[in-house]
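The values are calculated or read from the model by the stated rules, or taken from the named source; none is laboratory data. Since the structure is predicted, the reported quantities are computational estimates derived from the model, not experimental observations. Neighbour counts run over all protein chains shown; Cβ positions are idealised from the backbone, glycine included. Note: accessible area is taken over every heavy atom of the protein model, side chains too, but ligands, DNA and RNA are not part of it. Shrake-Rupley method; radii C 1.70, N 1.55, O 1.52, S 1.80 Å.
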Amino acid sequence: MEEKQTRLNKYLSEAGYCSRREADRLIDAGRVTINGTVPELGTKVGDNDVVEVDGKSITERKADFVYLAFNKPVGIVCTTDTRVEKDNIIDFIKYPKRIFPIGRLDKPSEGLIFLTDDGDIVNKILRASNNHEKEYIVTVDKPISQTFIKRMAGGIYLENLDKTTKKCTVRKIDSQTFSIILTQGLNRQIRRMCEYLTYEVTSLKRVRIMNIKLDVPIGEYREFTAEELKTLNMLLEDSDKDYSETTPAKKVHKINRRKPN
């Protein structure tokens, strides 16, 4: 019988170690070995191969995965590289299992971000990020005009990225605050859009990703409910990801915040 072969980045993802994108970075950096040898991108592994990251063996795919909705504070960086960034999301949460964020929320921003140890769902959400809604509440430095609302909603050409933003839903909340629902995730998109229109963002909070709303205090997290995970997978129905019927109901976890140095 022919041995099953899996691409190395997919193997690391299915083992719950990291996303495929992060796996590619680890492989490119030479931090991954197969049977003691540093492989190339695209290498496949079999059931009998020993895969290690930074000298530590990677186990087989897990049966139960963690799915968290976290309210990220301003100043926390969405990276798993704890060696480089001291204010990283992993050290802040101190979750007992290895988890990683799905996507990013920049350092000056706050609000909802997902964390998980399920590499498959990371790939599916990121791959589908241009088709699913993310909602933000944004405050700017001066009164908002109707022209501003129309321009933001209609699409803006971002020269630095050489891209025009997709049409989106924008609603004025008060004189300097608006909500915006995006279906794409360009780098610093909202801030760049506002800058183009001569506005400066003074606060930015993500309050919803797809079907899951921000409903925990800042700096705290909870598990997805079974119903949330079921709906999320329906929205990602092109994938074959299963969900667990035993996912617990909402449980908010308070984090012991670090004291200032």
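What number of residues within region 88-138 satisfy the criterion of being open to solvent by 40 Å² or more (accessible area, probe 1.4 Å), assigned to a loop (DSSP other than H, G, I, E, B) and of a type in the set (D, E, K, R)?
Residues flagged as open to solvent by 40 Å² or more (accessible area, probe 1.4 Å), assigned to a loop (DSSP other than H, G, I, E, B) and of a type in the set (D, E, K, R) within region 88-138 amount to 7.
Among the residues of region 139-168, write down those that are on the phi < 0 side of the Ramachandran plot and open to solvent by less than 40 Å² (accessible area, probe 1.4 Å).
Result: THR139, VAL140, ILE144, PHE148, ILE149, MET152, ALA153, ILE156, LEU158, THR165, CYS168.
How many residues are at pLDDT 95 or above and on the phi > 0 side of the Ramachandran plot if we restrict to region 179-219?
2
Filter region 66-87 down to the residues that are closer than 21 Å to ALA15 by Cβ and not in a loop (DSSP other than H, G, I, E, B), then identify the one that is most open to solvent (accessible area, probe 1.4 Å).
TYR67
Does THR116 satisfy the criteria of being of a type in the set (S, T, N, Q) and farther than 17 Å from LEU229 by Cα?
In short, no.
So, in region 224-246, of the ones that are open to solvent by 20 Å² or more (accessible area, probe 1.4 Å) and either among the hydrophobic types (A, V, I, L, M, F, W, C) or modelled with pLDDT of 95 or more (or both), which residue ends up nearest to GLY155 (Cα to Cα)?
LEU235
Please go through region 169-213 and give me each residue that is part of a loop (DSSP other than H, G, I, E, B), surrounded by 19 or more Cβ atoms within 10 Å (Cβ to Cβ) and of a type in the set (A, V, I, L, M, F, W, C), ordered by number.
Within region 169-213, just MET210 meets the criteria.
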